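Student: One structure is given below, represented as structure tokens, and several questions about it will come after.
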Amino acid sequence: MGGAGTLSGASLSGAYAITPNIAFGASFTRLDFDGSDATSNELFMTFDGTDMSGPFYGRVALGDGDFFSGRYFGVTGGYEFNPGSEAALSLFRSLEDGADETLYLLQFQHSGEMFDVDGRYFGVSNDNFSQLDINFSYAVTPQIDVLADITSFDNGDLVNLGIGSSYEFTDGIAAYAKLNRLTDGSDSINGFGFGITFDMGEGSLKDQNTYERVLRPLYFNEGFPPFI
């Protein structure tokens, strides 16, 4: 698809809880693509009521970096239906003069004993770009999972379908293999991917920083191909 390249990313966040529900922190992110780097820094405040006061949580961020073409403001509100099932809505607005741009993001995930599903819808105001991701996992046996996913760009103009399976060798360590097909309605690309996953615990939407929530899924999709 036009040549090879190496893409890497890293993000570091830290926060201090002034109360059991409210914390203030900072996040630093850097992407590198064949020697060209992009960075983003932000300050944020989080509210987490899921353990004490109720099922709601939220995040407010003020940042500056290359990902949003300068300064931006972000707000996230989420709801935890029960442990392992939650949804979140985020809006990110550019603060640069003359920039009429808003990013909006809807996320959901459910983690059950046999069935897991997570998804996200990402869109940009005043732009035709959108991305819808839905991922499924079903435990056929305690060791074997069936995997399926669909990614749709620009409301279906470009669609990536994947199906595969994973086998857990030991607690938290599994190998997977997936077949993928990317099509734009007339042309298609077939791909195959395999790898090893290390499960270090269930991640929560409420703990994600802006990079993990908005940008990482755009650059690092599981399987083939990555979207850049």
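The values are calculated or read from the model by the stated rules, or taken from the named source; none is laboratory data. This structure is a prediction, so every number in the text was calculated from the model and none was measured. Positions of Cβ are generated from backbone atoms using ideal geometry, with glycine treated the same way; all protein chains shown enter the neighbour counts. The area values use the complete protein model at the heavy-atom level, side chains included, leaving out ligands, DNA and RNA. Shrake-Rupley method; radii C 1.70, N 1.55, O 1.52, S 1.80 Å.
Student: Taking the mean number of other Cβ atoms within 10 Å as a proxy for protection, how do you rank 176-184, 206-214 from highest to lowest?
Tutor: On the way: 176-184: 16.4, 206-214: 21.2.
Averaged packing, sorted descending, gives the order 206-214, 176-184.
Student: At a 1.4 Å probe radius, which order do F198, F44, F115 fall into by accessible area, largest first?
Tutor: F198, F115, F44
Student: With a 1.4 Å probe and every protein chain left in place, work out the accessible area per residue of the chain in Å², rounded to a whole number.
Tutor: Numbers: 13200 Å² over 228 residues.
Accessible area per residue, the chain: 58 Å².
Student: Among Q109, T29, A15, whose Cα lies farthest out toward the positive end of the dipole of the chain, if unit charges sit on the beta carbon of Lys, Arg (+1) and Asp, Glu (-1)?
Tutor: A15
Student: Students often check this: by mean Cβ neighbours within 10 Å, which of 94-106, 68-80 ranks highest, and how do the rest follow? Write out the running numbers ahead of the final one.
Tutor: Values: 94-106: 14.0, 68-80: 18.5.
So the peptides 94-106, 68-80, ranked by packing, come out 68-80, 94-106.
Student: Carbon-plus-sulfur fraction of the accessible area of the chain, 1.4 Å probe, in percent?
Tutor: Working: 7730 of 13200 Å².
Carbon and sulfur: 59 percent of the exposed surface of the chain.
Student: Under the Karplus relation 6.51 cos²θ - 1.76 cosθ + 1.60, θ = phi - 60°, what is the ordered set of whole-Hz ³J(HN,Hα) values for the range 104-116, x standing for Gly and Pro?
Tutor: Residue by residue, the range 104-116 yields 10, 8, 10, 10, 8, 7, 9, 10, x, 5, 10, 10, 10 Hz.
Student: For the chain, state the semi-axes of the equivalent ellipsoid (square roots of 5 times the eigenvalues of the alpha-carbon gyration tensor), sorted largest first and rounded to whole angstrom.
Tutor: Over the Cα atoms of the chain, the semi-axes work out to 29, 25, 17 Å.
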